[in-house]
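Q: This is the structure, below, for whatever I ask next.
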Amino acid sequence: MLLVRFIHPSNGLPLAGTMQGSSVFAGDETFSVDALELLAPCIPTKIVCVGRNYADHAKELGNKVPDKPLLFLKPPSAVIGPEEAIVLPDSERVQYEAELAVVIGKRCKNVAASEAGDVTLGYTCMNDVSDRVAQQWETNWVRAKAFDTSAPLGPAILPYREAVEPFHITLRVNGELRQDGTTSDLFFSIPVLIETISAIMTLEPGDVIATGTPAGVGELHSGDRVEVEIEGIGILRNSVE
Ligand code: MG
């Protein structure tokens with residue numbers, strides 16, 4: 001069973017439901033997922049992203065994995081859902097980054113790594129869309145990482161209890177495989193990330209921790225179709241405007 005949010009086809013209101021196969025259930029109604037406009041599956045108050053958390057990706061950008069998780073934020077205004085357009089900022093070089101996103105289920109602070117599962121609602125896919133030109137000169141990565149549409153999320157949340165780790169992550173551009181990784185290569189594990197981040201700030205239900213990207217990042221151009229796929233969760237598809 002997966003958790004989704006979508007627009008009700010008759011009244012146009014956002015609704016949460018569960019999905020099994022291609023059927024979506026909400027209250028006493030059943031829909032076919034193909035007929036629905038899916039929304040981002042959660043409404044974060046913040047997205048906490050982890051940089052350089054896979055050694056092979058850190059290396060391809062000429063960096064090392066840091067001693068402590070390298071953290072940055074994306075605001076809620078960066079979020080888009082499945083099939084929403086990524087609008088490129090005015091930049092020579094914008095890249096995709098396929099990531100496993102952890103969705104928080106409970107308000108929490110100072111969570112021990114051993115208790116991380118208790119505050120985890122589940123997992124979804126994220127594309128950490130990044131402006132590399134801004135990232136080169138800007139220390140805080142606000143222009144590089146926080147622009148509108150820089151956080152495609154979805155299509156669904158796989159509940160924590162149903163998840164089988166590690167996750168296999170792939171990314172395709174126009175059908176061509178560009179990234180192929182596994183969360184078994186995460187340098188800082190998900191429980192360690194939750195412990196580290198919740199020691200800094202209160203996490204709220206729906207908040208997202210983006211766990212980093214494996215090797216293979218590359219450019220996005222207007223007209224591209226980008227897909228992040230995580231086994232067991234689904235495929236997050238977006239076009240680039
Ligand atoms: Mg990233």
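The values are calculated or read from the model by the stated rules, or taken from the named source; none is laboratory data. This is a predicted model, so every value here is computed, not measured. Using ideal geometry, Cβ is built from the backbone for each residue, glycine included, and neighbour counts are taken over all protein chains shown. Just so you know, the surface numbers come from the protein's heavy atoms only, side chains and all, with ligands and any DNA or RNA stripped out. Shrake-Rupley method; radii C 1.70, N 1.55, O 1.52, S 1.80 Å.
Q: Note down the relative contact order for the chain as a percent, whole number, built from C-alpha pairs under 8 angstrom at least six residues apart. Before the final figure, lay out each step's value.
A: On the way: 642 pairs, mean separation 66.1, N = 241.
Once normalised by length, the contact order is 27 percent.
Q: Need one number: nm distance between label points at ASP34 and SER22, each 7 Å from Cα along Cα→Cβ, rounded to one decimal.
A: Calculated label separation equals 0.3 nm.
Q: Find the centroid of the Cα atoms in the range 123-139 and in the range 55-93, then give the distance between the two in whole Å.
A: 2 Å
Q: While we're looking at this one, here's another question. Name the residue, out of LEU100, LEU61, LEU186, whose mean-square fluctuation peaks in a Gaussian network model built on the chain with Cα pairs under 10 Å.
A: Among LEU100, LEU61, LEU186, the largest mean-square fluctuation in the Gaussian network model of the chain belongs to LEU61.
Q: What is the extension gain from ASP148 to GLU219, computed as 0.36 nm multiplied by their sequence separation minus the C-alpha to C-alpha distance, in nm to one decimal? Let's see the in-between values first.
A: Values: separation 71, 0.36 × 71 = 25.56 nm, distance 1.76 nm.
Here the segment from ASP148 to GLU219 would lengthen by 23.8 nm.
Q: As a test of the formula, what do you get for the chain when each DSSP H run with n ≥ 4 contributes -39,500 (n - 2.57) and the sum is divided by the residue count, at 222 nm and rounded to the nearest 500 deg cm²/dmol?
A: Working: 4 runs with 27 residues, N = 241.
Result for the chain: -2500 deg cm²/dmol, rounded to the nearest 500.
Q: Over 23 Å between Cα atoms: which of LYS68/LYS145; LYS74/LYS109; LYS46/LYS106; LYS106/LYS145 fall into that group?
A: Working: LYS68/LYS145 20 Å; LYS74/LYS109 19 Å; LYS46/LYS106 14 Å; LYS106/LYS145 26 Å.
Those over the limit are LYS106/LYS145.
Q: With unit charges on the beta carbon (Lys/Arg positive, Asp/Glu negative), name the residue among ASN127, PRO191, THR30 whose Cα is farthest towards the positive pole of the charge dipole of the chain.
A: PRO191
Q: Under the rule a/c < 1.5 gives rounded, and otherwise a/b versus b/c splits prolate from oblate, where does the chain land using the Cα gyration tensor?
A: On the way: a/c = 1.62, a/b = 1.18, b/c = 1.37.
Verdict is oblate for the chain.
Q: Taking only protein heavy atoms into account and a 1.4 Å probe, give the accessible area per residue of the chain in Å². Write down the numbers at each step before the final one.
A: Working: 10790 Å² over 241 residues.
Ligands and nucleic acids excluded, the result is 45 Å² per residue.
Q: Could you size up the charge dipole of the chain around its Cα centre, putting +1 on the beta carbon of Lys and Arg and -1 on that of Asp and Glu, and report it in debye to the nearest 20? Let's see the in-between values first.
A: Working: 19 positive and 33 negative charges, 133 e Å.
Roughly 640 debye for the chain.
Q: Another question about this same structure. Report the label-to-label distance for HIS8 and LYS64 in nanometres (one decimal), using points 7 Å from each Cα along the Cα→Cβ vector.
A: Between HIS8 and LYS64, the label points sit 5.6 nm apart.
Q: A further question follows. Suppose R0 equals 35 Å. What FRET efficiency, 1/(1 + (r/R0)^6) with r the Cβ-Cβ distance, do THR182 and GLU204 give to the nearest 0.05?
A: Working: r = 29 Å, r/R0 = 0.83.
E between THR182 and GLU204, to the nearest 0.05, is 0.75.
Q: In addition: When the accessible area of the range 34-92 is split by element with a 1.4 Å probe, what percent falls to carbon and sulfur? Kindly include the intermediate steps, with their values, before the conclusion.
A: Working: 1590 of 3100 Å².
Carbon and sulfur: 51 percent of the exposed surface of the range 34-92.
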